[in-house]
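J.: Just dropping this structure here.
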Amino acid sequence: AQSVTQLGSHVSVSEGALVLLRCNYSSSVPPYLFWYVQYPNQGLQLLLKYTSAATLVKGINGFEAEFKKSETSFHLTKPSAHMSDAAEYFCAVSPTQGGKLIFGQGTELSVKP
Amino acid sequence: GAVVSQHPSWVICKSGTSVKIECRSLDFQATTMFWYRQFPKQSLMLMATSNEGSKATYEQGVEKDKFLINHASLTLSTLTVTSAHPEDSSFYICSARDPGRANTEAFFGQGTRLTVV
């Protein structure tokens, strides 16, 4: 069975600081991994995805994530936080790209001025 | 990317009534759609997988008779919450995949906020 664990339900950073949101997965098959962002009362927007191509994946809004098989991790980073990055972030795993998703618990990112 | 639209965005209903939520793929045909439920400050939980022209596949613990799913066309899936109760109040989100486009992820609707009073 596949599962996702996001470390830290809430992360707070200062504007301009590095953003690091942690995600570890478990999967018996090569996984597809995703990071989504959710703003209040809205659906999910895809930030980036890992599909067994490059291990370093670049997404929208300056975010990127690195797939590390040895660590079963797919942490999300952004060099410099912006106020508009404040939102809920979800890591998700799926056996197929368009299949059902198993979500992590979510991490709320706060950005302080 | 492909567009998935949900309607309504929010709905308030009385306890005991039924509510229908629509999920449409606007610019592609979706043979498979997914329905998720999200409680406040929590993650998304998959409720069921909706397959066009066949019965939905429900996740363990989800009541089939309470959450009726119909996927009668390639662009529309509906979720009906029957005899709604306050504990059914939640944020419901659908997603759909475009099988005609290789190597693409599922796209999400904007969600429906259901409040049962």
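What follows is calculated from the coordinates using simple rules that are stated; it is not laboratory data. All values reported here derive from a predicted model rather than from experimental measurement. Virtual Cβ from ideal backbone geometry, glycine too; neighbours counted across all protein chains shown.
J.: If I ask for residues that are hydroxyl-bearing (Ser, Thr, Tyr) and either at the interface with chain B (Cβ under 9 Å from one of its Cβ atoms) or buried (at least 19 other Cβ atoms within 10 Å of the Cβ) (or both), which ones from the stretch A:2-47 would you list?
T.: A:9, A:25, A:32, A:36
J.: So which residues in the stretch A:63-113 are away from every other protein chain (no Cβ under 14 Å) and polar (S, T, N, Q), if there are any at all?
T.: Selection gives A:70, A:72, A:73, A:77, A:80, A:84.
J.: Report whether or not residue A:68 is over 26 Å from residue B:33 (Cβ atoms) and in contact with a Ser or Thr (Cβ under 9 Å, 6 or more places away or on another chain).
T.: Here the answer is yes, as residue A:68 does meet what is asked.
J.: Look at the stretch B:19-41 and say how many of its residues are in contact with a Phe, Trp or Tyr (Cβ under 8 Å, 6 or more places away or on another chain) and of a type in the set (Lys, Arg).
T.: Qualifying residue count, the stretch B:19-41: 1.
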